[in-house]
1. What number goes with the only condition from (1) at pLDDT 80 or above; (2) outside any helix (DSSP H, G or I) that Thr36 does not pass?
2. Looking at the stretch 35-49, I want the residues that are under 20 Å from Met8 (Cβ atoms) and have a partner that is assigned to a helix (DSSP H, G or I) and of a type in the set (A, V, I, L, M, F, W, C) with Cβ atoms under 9 Å, at least 6 apart or on another chain. Which pairs are those?
3. Just give me the residues in the stretch 24-35 being of a type outside the set (Gly, Ala, Ser), more than 18 Å from Ala4 (Cα to Cα) and surrounded by 10 or more Cβ atoms within 10 Å (Cβ to Cβ), in sequence order.
4. Can you go through Leu21, Leu61 and tell me which one is surrounded by fewer than 13 Cβ atoms within 10 Å (Cβ to Cβ), in a loop (DSSP other than H, G, I, E, B) and of a type outside the set (Gly, Ala, Ser)?
Amino acid sequence: MWTAYTFMALAVVGLMAILGLLSPIVALLVVWISQTFLQLTLLPIIMVGQNVLGRKVAQGLRLGKQPLLATHSA
C-alpha cells in the first residue's frame, strides 16, 4: 500500500510543478523518476516475480498438482 501512496504523492507533486506552483526543476525530477527510474527498477522486479511464479507452477505440474490459478477459479 505504501507504493500507492508514493505514486500518488509523485503525481500530485508533478501536477503542482506543471501548474507552475513549484519550480521547473521539480517537474524535470518527477519526469525522470516516473519515466526512467521506476521503469528501469520495477520492470526487472516484475519479470523476476513472474519467472518465480512460473517455476512454481511448472514444479507443481511435475508433481501432479493443479496450478494455483486453476484452483482459485474453480
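1. (2)
2. Within 9 Å, the pairs are Leu38/Phe7; Leu38/Leu10.
3. Restricting attention to the stretch 24-35, the residues satisfying the condition of being of a type outside the set (Gly, Ala, Ser) are 24-26, 28-33, 35.
Checking the rest, the ones that are also more than 18 Å from Ala4 (Cα to Cα) come to 24-26, 28-29, 32.
Residues satisfying the conditions are Pro24, Val26, Leu28, Leu29, Trp32.
4. Numbers: Leu61 fails: in a loop (DSSP other than H, G, I, E, B).
Testing whether each residue is surrounded by fewer than 13 Cβ atoms within 10 Å (Cβ to Cβ), in a loop (DSSP other than H, G, I, E, B) and of a type outside the set (Gly, Ala, Ser) leaves just Leu21.
The values are calculated or read from the model by the stated rules, or taken from the named source; none is laboratory data. Predicted model only: the values in this text are computed from it and were never measured. So basically every Cβ, Gly included, is an ideal-geometry build from the backbone, and we count neighbours across all protein chains shown.
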